[in-house]
1. If you add up the charges near Ser260, with Lys and Arg at +1 and Asp and Glu at -1, over every other residue whose beta carbon is less than 11 angstrom from its beta carbon, what do you get?
2. Of the beta bridges DSSP finds with both residues in the chain, what % are antiparallel, to the nearest 5?
3. Roughly how far apart, in whole Å, are the Cα centres of segment 142-178 and segment 209-270?
4. How do the peptides 86-96, 235-245 rank, highest first, by the average count of neighbouring beta carbon atoms within 10 Å per residue?
5. Is the chain rounded, prolate or oblate when judged by the Cα gyration tensor, a ≥ b ≥ c being the square roots of its eigenvalues, rounded requiring a/c under 1.5 and prolate requiring a/b larger than b/c?
6. Relative contact order for segment 156-288: what percent, with Cα pairs under 8 Å and sequence separation of 6 or more?
7. Any idea what the relative contact order of the chain is, in percent, if you count C-alpha pairs under 8 Å spaced at least 6 apart?
8. With a ≥ b ≥ c the root eigenvalues of the C-alpha gyration tensor of segment 157-265, is it rounded (a/c under 1.5), prolate (a/b larger than b/c) or oblate?
Amino acid sequence: MNVGIMARWQRAFEYWQQHVTLSKHFINSSLNEDLNTKPTVVILGAGRLIDIDCRTLIERAKCVHLFDIDPSLEPLWQKELSDLKKTNSLYCHFMDLSNSMAIWTKKVHLFLKKKPSAHQFGELLAELKPESIFLGDFYQRPVHLVSLNILGQLGVFWRDRIFEMCHSKYPGFFKSHGTFVDVIESGLQNSIRELEMQHLEICLQLAPEKLILITDLYYHFYRQTESEWQTHDALAVGTEKEVLELLAKDKMYSVSAKQSWLWHIAPQGVEEAEYGEIHEVGAFSLSLQTT
Ligand SMILES: C[S@@+](CC[C@H](N)C(=O)[O-])C[C@H]1O[C@@H](n2cnc3c(N)ncnc32)[C@H](O)[C@@H]1O
């Protein structure tokens, strides 16, 4: 997955700069609010560290825990954060943060062997529940947790996997133009909602003093020759307001800063000749209430 991100970044470097700068700036200003205490910084979906400022992490964090599914990232993390590595303050965790991809894939694989109808397959997807996951209890406080543009990716990754498993063998699962029939789409959306909900719960699991969520909110598609854009929700779990309500967790958290911007992720003619893609990104900084 990360090789894809890197390749896209290289192809569209100049178009990504603004997004990368805004993301780094938002995280830096949230981490710098309290200059007296050095936090433990936990980053979920750290990836290639494109959208985070490593220098500031080194200066501001007592220690850093990086999480990602992709173990090939380790040498890059060690190199980029070598000062933290020298003081044994860098912790690398490679895990599927949903803890469900392998188990769900196996379930789907076995189910497809029974040649189910579209309806039966949609029902299976709708019933999937994520496995529980524990990030550990070894973090020195205060903890600042960053969910770094992973929330919307969970569903993209899962959808791609389902597509790969079905597209050549089960033509009856698709409409003529290649999208899933409604009953499967609805089951898939349900499973994606479960993954996103679980991720928001994981963000709260450590009860971080500061919680920074950066996520795609909408995907916009355009053609250079047309004035109308097509817009799709990036998240299945709900609107920005609903996500913030889930994170506020009975008013334990309040929003201290928020921002949004457009990320021209795939300009027309760079990725696809026929259309271009722009993501609308939301950045939210929430603080634990200390009453
Ligand atoms: C859009 S990227 C975020 C950009 C990233 N910060 C970077 O600089 O490359 C999402 C990251 O989430 C990771 N990811 C996606 N699904 C995951 C999962 N289930 N568990 C852990 N990490 C996951 C990907 O490997 C990727 O690095």
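Readers should treat all values here as calculations from the given coordinates under stated rules, not as data from a laboratory. Note that this is a predicted model, so its numbers are computed, not measured. Neighbour counts run over all protein chains shown; Cβ positions are idealised from the backbone, glycine included.
1. Computed value for this residue: -2.
2. Of those bridges, close to 60 percent are antiparallel.
3. When both Cα centres are located, 17 Å separates them.
4. 235-245, 86-96
5. It is prolate, given that a/c is not under 1.5 and a/b is the larger ratio.
6. 27 percent
7. Averaging sequence separation for qualifying contacts and normalising by length gives 19 percent for the chain.
8. oblate
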